[in-house]
Amino acid sequence: MSDSFYYLAYGSNLHPLRLIERVGPLEGLGKVCLPGWRLCFDKRGSDGSAKANLRAAPGTEHEAWGALYRLKRSQYGTLDHFEGCGRGYETFWLDLPFEEREIEVLTYLTPSHWRLSSGLPHDWYRELVYLGARYHGIPESVQDAIARVPAAPDPDPDRAEEHRQLIERMKRQPSSERASS
């Protein structure tokens, strides 16, 4: 068994600063496009708001974007904890073409019984996803679509302030050197 694994981030963990603060050191590998998938904000969060989710859309023109990271095997449990594995997200392994080869990557998807028929993400959550997309140089049309997702203020002022501070730190970070790759 390898001492590392690949992780596909597409929601609030898209920006490396957020992920590093959660799991520790990592290696960023760059952005990836997922044809036949779409980004939705339909996962029921533990705080009652909507969170990001990838949904398969085979045979369509939909495409989702994410970022690949290499993490240490010892970080797996911590990542599961922050992703709420078993509490709205489930681990999902998929084969993904990357740099002229296929690699197996871990991501988290939402089972149908955890999806919301309606609901809004908190404004800070949408901003985390947007800043991650901007950091990685994901196409501007995708960034714009994320920025237009309706959002609501967080009723918990302490949680909102904690995330506003994270957002300010993220805004000070330069874009990925691999963003154009």
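The values are calculated or read from the model by the stated rules, or taken from the named source; none is laboratory data. These numbers come from a predicted model, not from an experiment. Cβ atoms come from the backbone with ideal geometry, glycine included; neighbour counts cover every protein chain shown.
Some points to look at:
- Note on the range 1-110: enclosed strands (runs of 3 or more DSSP E) holding 1 or more residues that are among the β-branched types (V, I, T) and touching a residue at least 12 places away in the same chain (Cβ under 8 Å) are 27-35, 90-98, 101-109.
- Residue check, S141 within 17 Å of L34 (Cα to Cα) and of a type in the set (S, T, N, Q): yes
- Test result for E168, under 16 Å from the mean Cα position of the chain (by Cα) and not β-branched (V, I, T): no
- Test: residue in the range 116-136 that is assigned to a loop (DSSP other than H, G, I, E, B), at pLDDT 95 or above and not hydrophobic (A, V, I, L, M, F, W, C): yes
- The set of residues in the range 114-148 that are among the aliphatic types (A, V, I, L, M) and either under 14 Å from the mean Cα position of the chain (by Cα) or loosely packed, with under 13 Cβ neighbours inside 10 Å (or both) comprises L128, V129, L131, A133, I138, V142, I146.
- The requirement of being at pLDDT 95 or above and exposed (fewer than 14 other Cβ atoms within 10 Å of the Cβ) is fulfilled somewhere in the range 104-113, by at least one residue.
- Residue match in the range 25-40 (condition: of a type outside the set (K, R), closer than 18 Å to S112 by Cβ, buried (at least 21 other Cβ atoms within 10 Å of the Cβ) and modelled with pLDDT under 95): no
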